[in-house]
Amino acid sequence: MELNSLTTNDFVSLVEIMWLDNVENRDKSCWDSGIFNIVPIAENSGESRRFSEINREQYARRKSEGNQAERLKIQQGYTKDMTSYRVAMDVGITYEDRTKNKYPEVMARLTDMVELPWNSMELDMQQRVSNFDQTSYIDMDGETIDTTTGDTHPWGYTAHTVKGNTTTYRNILANNPRLSKGALVAIQRLGKENAIDQFGKKIVGINFDLLWTTDDEEDMVLAEEYLESLGAPDYNNPAVKNVMRYKFRHVILPRVAVDSSGFVDTTKRHYWGTVSTKYSTAYLGIWEYPHVIPMYVKTDGTDNYETGVRAGYGIVVVSGRGANFSKGDGSL
């Protein structure tokens with residue numbers, strides 16, 4: 001877009017204009033949450049990265065007198081390749097709009113676009129969460145985004161596989177219940193019973209320490225009641241201890257209940273889940289951190305000024321391990 005005295009004629013009007021402040025819209029909730037592992041990637045090191053899981057056996061075996069000890073087994077899991085892509089936005093400002101503009105502070109806010117690539121990264125990460133049960137979705141630019149894990153299934157699935165055994169595991173809570181005390185207990189049980197290694201054996205000690213919800217008011221309030229109250233919210237007796245307190249850190253993901261273009265999608269308002277920030281296999285690779293291109297005068301004879309923002313990154317999820325989901329809609 002070009003900002004000029006025709007498209008923004010109120011900037012140079014003799015009439016005094018009352019401008020509505022530009023609302024701060026930068027969101028880094030998913031970036032800061034720990035759901036995704038942030039991986040900085042150096043320049044001149046290629047456009048892709050491969051991520052994989054690997055496990056060794058958990059237990060030593062009995063050794064009889066004079067017999068050779070069992071050899072340790074190691075099993076590599078599935079792999080997933082991450083490929084970088086860039087996002088960008090430019091804006092031009094005519095000489096007249098820059099020098100005759102009566103509201104330079106408004107112009108400065110409009111051209112301060114550094115939040116745009118941050119928001120794009122957040123939308124892309126949160127859309128992975130929003131589409132946890134899908135193998136792909138179409139983004140706002142018409143590109144097909146692969147959301148499968150290394151076993152070719154969606155991030156959330158009822159029969160994830162492992163490489164060294166026929167055992168499967170699920171990470172979608174049965175019947176997709178709304179957030180409640182009972183559902184929290186059930187999703188903790190789900191996480192413990194379905195945490196298995198590549199040999200199909202239970203992994204002890206995976207702590208699901210993060211509870212995420214959308215920005216639905218009812219779900220946010222309910223989450224805070226269960227996680228912050230001193231007494232159990234379901235009991236009138238304050239002496240009954242709230243056993244859920246300190247079990248989770250609550251993260252609000254406001255761009256889960258939107259579509260891939262950022263429009264509100266109320267069908268996803270009650271999505272929620274838990275994540276083990278230590279064992280999450282979701283990755284965000286940063287090739288180019290969000291930055292602003294310094295404003296410069298174009299050399300095409302127009303005397304227009306030009307500026308823009310750029311970023312480059314990639315996203316993959318290797319497996320379903322470390323994350324559990326519920327749609328909150330009671331669907332099977």
Report the net charge of residues surrounding residue 135, where surrounding means a beta-carbon distance below 14 angstrom and charges are Lys +1, Arg +1, Asp -1, Glu -1.
-1
In vacuum, with every alpha carbon of region 52-198 counted as one equal point scatterer, what does the Debye formula give for log10 I(q)/I(0) at q = 0.10, 0.12 Å⁻¹? Two decimals, please.
-0.63, -0.78
So which aspartates and glutamates pass the test for residue 268, namely a Cα distance under 13 Å, with those fewer than 8 places away in the same chain ruled out?
133, 215, 216, 219, 259, 329
Helix-only mean residue ellipticity at 222 nm for the chain, each DSSP H run of n ≥ 4 adding -39500 (n - 2.57), per residue, nearest 500
-5000 deg cm²/dmol
Please state the equivalent ellipsoid semi-axes for region 133-180: what are the square roots of 5 times the Cα gyration tensor eigenvalues, largest first, in whole Å?
24, 19, 5
Length released on extending from residue 144 to residue 60, taking residue separation times 0.36 nm less the Cα-Cα span
25.6 nm
Give me the tail of P(r) for the chain as a percent: Cα-Cα pairs with distance above 35 Å.
37
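Which percent of the Cα-Cα distances in region 250-293 go past 15 Å? Display every interim value, and only then the final one.
Numbers: 612 of 946 pairs.
The share of Cα pairs beyond 15 Å in region 250-293 comes to 65 percent.
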What ³J(HN,Hα) values, in whole Hz, does the Karplus curve 6.51 cos²θ - 1.76 cosθ + 1.60 give for region 263-280 when θ = phi - 60°, with x put for Gly and Pro?
7, 4, 10, 5, 5, 10, 5, 9, 4, 7, x, 10, 9, 8, 5, 7, 10, 4
What distance in nm separates the simple spin-label points at residue 207 and residue 293, each placed 7 Å from Cα in the Cβ direction?
4.6
Work out the FRET efficiency for residue 48 and residue 185 from their Cβ-Cβ distance, taking R0 = 41 Å, and round it to the nearest 0.05.
0.50
How compact is region 147-272 by the rule of thumb for globular proteins, expressed as Cα Rg over 2.2 N^0.38 Å?
1.21
Near the amide H of residue 258, under 5 Å away, which other amide H atoms are found, from residues 5 or more places off or on another chain, if H is placed in the peptide plane?
265
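No lab work stands behind these numbers, since they all come straight from the coordinates. It should be emphasised that the depicted structure is a prediction, and the values quoted were computed from it without experimental measurement. Cβ: placed from backbone, ideal geometry, glycine included. Neighbour counts: every protein chain shown.
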